[in-house]
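Bear in mind these aren't lab numbers, they're just calculated from the coordinates by the rules spelled out. None of these values were measured; they are calculated from a predicted model. Heads up, the Cβs are rebuilt from the backbone with ideal geometry, glycines too, and the neighbour counts pull from every protein chain shown.
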Amino acid sequence: MTKSILIVAAERGLGLGLAQQFFDRGWSVVGTARPAADAADLEGVGAADPARLSVATIDVTQADAIAPFLAELGERRFDVIYFNAGIWGAAHQSVAQASNAELAEIMLTNTFGPIRLAHRLLDHLTLGGTYCFMSSHRASIAINFEGGLELYRASKVALNMLARGLWATNRERAMTVLSIHPGWVSTAMGTLDGTVEAEMELEPSVRGVADVVERHMGSGDNLYLDWRGEKLDW
Ligand SMILES: NC(=O)c1ccc[n+]([C@@H]2O[C@H](COP(=O)([O-])OP(=O)(O)OC[C@H]3O[C@@H](n4cnc5c(N)ncnc54)[C@H](OP(=O)(O)O)[C@@H]3O)[C@@H](O)[C@H]2O)c1
């Protein structure tokens, strides 16, 4: 049977790359974009078989947008739901310097927004289905010996924690929850809008991430893994 995935934030960057990967592997893909975004590249992913690709709309920071989004999905259920939306946050990355608005924006976009949506999407996940959250190696407390990047790190470590909580409190659903570090990848975020060089190109990252998803989906585990499938220390 055709496997299905919902990718939240799929119209550019890693999300778009993942939409292409899963589509090319024969999956049925729903990708989301924010209301004002240009979803032409995402629509293009489905050119070879439009029945297997559709686009839905959600901004993860907007509580009021959840009900219309769920209505848009209708009765659809997915084997995998991948929460990819994220921002880098204020360039200074410093808690000491951050305004309340900067603190609120990164936590709402990277942490509370995706987790709130994940709770509301539970009935759109098949029994024994898999939630994936786009984490980062920057979320690892164990390997953080250099400090810095406080806003981004805090948002992603909290994302990992709340993802664990979702898994732990929904054991009857037999869900798998994966927190995945995609590598340091050449996207708008990974290059800080073209001002720094990333470590890897998009294609090997999304190929590795899709391999990790296919390997661990349905296992019932909660894991923190990188794009090669190696375990990260929490
Ligand atoms: N690139 C890396 O090296 C790297 C490393 C580790 C983790 N990550 C994580 O990977 C994910 C994707 O990053 P990327 O590198 O592909 O960055 P990107 O090119 O900047 O893409 C970010 C994506 O998130 C979406 N987004 C931002 N705010 C949103 C909101 N409020 N609601 C819904 N969608 C929203 C963007 O939509 P718009 O187009 O509408 O802005 C876009 O689709 C992020 O969670 C990031 O933290 C990236």
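Output the residues belonging to the stretch 194-203 that are exposed (fewer than 15 other Cβ atoms within 10 Å of the Cβ), free of Cβ contacts under 8 Å to residues at least 40 places away in the same chain and either at negative phi or within 11 Å of the ligand (Cβ to nearest atom) (or both).
T195, V196, E197, E199, E201
Which of the residues that make up the stretch 160-185 are in a loop (DSSP other than H, G, I, E, B) and either out of contact with any strand residue (DSSP E or B) (no Cβ under 7 Å at 6 or more places or on another chain) or more than 11 Å from the ligand (Cβ to nearest atom) (or both)?
Residues satisfying the conditions are T169, N170, A174, M175.
I'm trying to understand the selection: among the residues of the stretch 42-61, which are surrounded by 15 or more Cβ atoms within 10 Å (Cβ to Cβ) and free of Cβ contacts under 8 Å to residues at least 24 places away in the same chain?
The answer is E43, G46.
Quick check on my filter: what residues within the stretch 18-32 are buried (at least 24 other Cβ atoms within 10 Å of the Cβ) and either within 12 Å of the chain's Cα centre (by Cα) or in a strand (DSSP E or B) (or both)?
L18, A19, V29, G31, T32
What number of residues within the stretch 110-126 are within 13 Å of the ligand (Cβ to nearest atom) and either part of a strand (DSSP E or B) or within 23 Å of T195 (Cα to Cα) (or both)?
1
Checking V213 against (1) more than 13 Å from the ligand (Cβ to nearest atom); (2) touching a residue at least 60 places away in the same chain (Cβ under 8 Å); (3) over 15 Å from the mean Cα position of the chain (by Cα): exactly one of these is not met. Which one?
Just one mismatch for V213, condition (3).
For the stretch 180-227, which positions are among the hydroxyl-bearing types (S, T, Y) and farther than 22 Å from M161 by Cβ?
S186, T187, T191, T195, S205, listed by residue number.
Inside the stretch 1-48, can you point out the residues that are polar (S, T, N, Q) and more than 9 Å from the ligand (Cβ to nearest atom)?
Scanning the stretch 1-48 gives T2, S4, Q20, Q21, S28.
Could you count how many residues in the stretch 127-148 are outside any helix (DSSP H, G or I) and buried (at least 17 other Cβ atoms within 10 Å of the Cβ)?
Residues in the stretch 127-148 being outside any helix (DSSP H, G or I) and buried (at least 17 other Cβ atoms within 10 Å of the Cβ): 9 in total.
Taking the condition of being assigned to a helix (DSSP H, G or I) and either of a type in the set (D, E) or under 23 Å from L127 (Cα atoms) (or both), how many residues in the stretch 206-234 meet it?
8
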